[in-house]
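Here is the structure we will look at, set down as structure tokens.
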Amino acid sequence: MRDTSGSAYDLPPPEYDRELTEVGRGTPMGELLRRYWHPIGLASHAGDVPRPVRALGEDLILFRDAAGLPGLLHARCCHRGTTLQYGRVEPDGLRCCYHGWKFDTEGRCLDQPMEPEGGRQRQRIRQPWYPLEERYGLIFAYMGPALKRPVLPRYECLEVMDDGEFVESDDTSLGGGGPAIIPCNWLQHFENVVDPFHVPVLHGSFSGTQFTNAMASVPQVQFESAPTSVKVRSTRLAEDGRTFHRVTEAALPTLRVVPNPRVAQFARVESIGWVLPIDDTSFRIYVAGRVKQEGDIGRMRSKFGGKFWWDLSDEEHRAMPGDYEAMVGQGAITRHSEEHLTSTDEGVAMIRRLLRRQVRAVAEIVSHCVV
């Protein structure tokens, strides 16, 4: 009798893990992420031209006033709802193109030019805004409850410089393997950070040896869970008989610590990255690291057959897939109900457990506050 088990026709409707993937305001993960600072641009992005920014499902406008203060306002003007993208940056704020209302970097309404006396009640108006801080060449935003705002962290690897080093930041495609904005859910990349076994297959066998020859070998792996992170310790033997130790870490909220895959030697962390969920189906990565020459961060970017990702033809993308193809190939949000995790997916299971604990801890706190 013919074996008909496993027919695709019998698949139940696919589902994704809403608790861990959705990042909008009011969602479990969205509320967790809003308890942290997130990079929303390079320091150079805040200037005298309004810059559209999308983060955690919200449309925002970034600018800088004449005093050098950056501002992040909701894109919809609180007057009649047009976008502030077409506004004009003036010395003390951003003026809307529609009726000329002007707001400072903290959303205070400074002028309503069509109203008597420039708006007698303008002090009562506040354009929704978010606080910003600048560090490591990046602009960080806090998008959570105002009274719960934490201190913006400092990181030793970006504070302690060796001779001749300085911090450089990057917002292109470093770590994502493709364009700056990657059209899939942020968790598909965050889990990739703690998946060491894809490296010898995807980056070694399929796409050729993208990094060092040692990275193409199957590692011995130890996973470690900490209160705020998951670490992966990988050990490989180099061709010269030396042992190559590599430690990768995914930490709250979206921090990725991935050693330079071309450095097969002991070294302290040289760069760190933040995964910014743009919305439920796209993300980007900001990176800051210690360098000795301008452009060193970008030079760590992966190549495929000697070419950058954007220089490949369609056939070369098919023949030499990288992280971008593997992550986006899972779909806009992967179908978690159809997965079959095994022992090599231990890091993925651990990061999901860590995030789920944090999500539920925040939800419990919020529920108590509401009551």
- All but one of (1) buried (at least 21 other Cβ atoms within 10 Å of the Cβ); (2) in a loop (DSSP other than H, G, I, E, B) hold for H189; which doesn't? (2)
- Note on the structure: If you go through L33, L72, the only one that is in contact with a Leu (Cβ under 9 Å, 6 or more places away or on another chain), crowded, with 22+ Cβ neighbours inside 10 Å and assigned by TED's automatic domain parsing to the domain that holds L94 is L72
- Query: Based on what the data block shows, is P113 surrounded by fewer than 17 Cβ atoms within 10 Å (Cβ to Cβ), over 29 Å from the mean Cα position of the chain (by Cα) and assigned to a loop (DSSP other than H, G, I, E, B)?
  - Reply: yes
- Query: Would a scan of the range 108-120 turn up a residue that is in contact with a strand residue (DSSP E or B) (Cβ under 8 Å, 6 or more places away or on another chain) and at pLDDT below 95?
  - Reply: yes
- Item | Members of the range 19-52 found to be among the small types (G, A, S) and over 14 Å from D280 (Cα atoms), listed by number | G41, A43, S44, A46, G47
- When restricted to I365, I278, I272, the only residue surrounded by fewer than 17 Cβ atoms within 10 Å (Cβ to Cβ) and of a type in the set (A, V, I, L, M) is I365
- Can you tell which of F166, F223 is more than 30 Å from L132 (Cβ to Cβ) and of a type outside the set (K, R)? F223
- Filter the range 44-66 down to residues that are within 17 Å of G144 (Cα to Cα) and among the small types (G, A, S) and give me whichever is surrounded by the fewest Cβ atoms within 10 Å (Cβ to Cβ). G57
- Within the range 296-308, the count of residues that are touching a residue at least 40 places away in the same chain (Cβ under 8 Å) and either surrounded by fewer than 18 Cβ atoms within 10 Å (Cβ to Cβ) or within 23 Å of L138 (Cβ to Cβ) (or both) comes to 8
- Item | Which listed residue is touching an Asp or Glu at 6+ places or on another chain (Cβ under 8 Å) and either assigned to a loop (DSSP other than H, G, I, E, B) or hydrophobic (A, V, I, L, M, F, W, C) (or both), from L147, L158, L202, L174 | L202
- Among the listed residues P12, P28, which satisfies the condition of being touching a residue at least 24 places away in the same chain (Cβ under 8 Å), in contact with an Asp or Glu (Cβ under 8 Å, 6 or more places away or on another chain) and not hydrophobic (A, V, I, L, M, F, W, C)? P28
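The values are calculated or read from the model by the stated rules, or taken from the named source; none is laboratory data. Everything quoted here is computed from the prediction, not taken from an experiment. Positions of Cβ are generated from backbone atoms using ideal geometry, with glycine treated the same way; all protein chains shown enter the neighbour counts.
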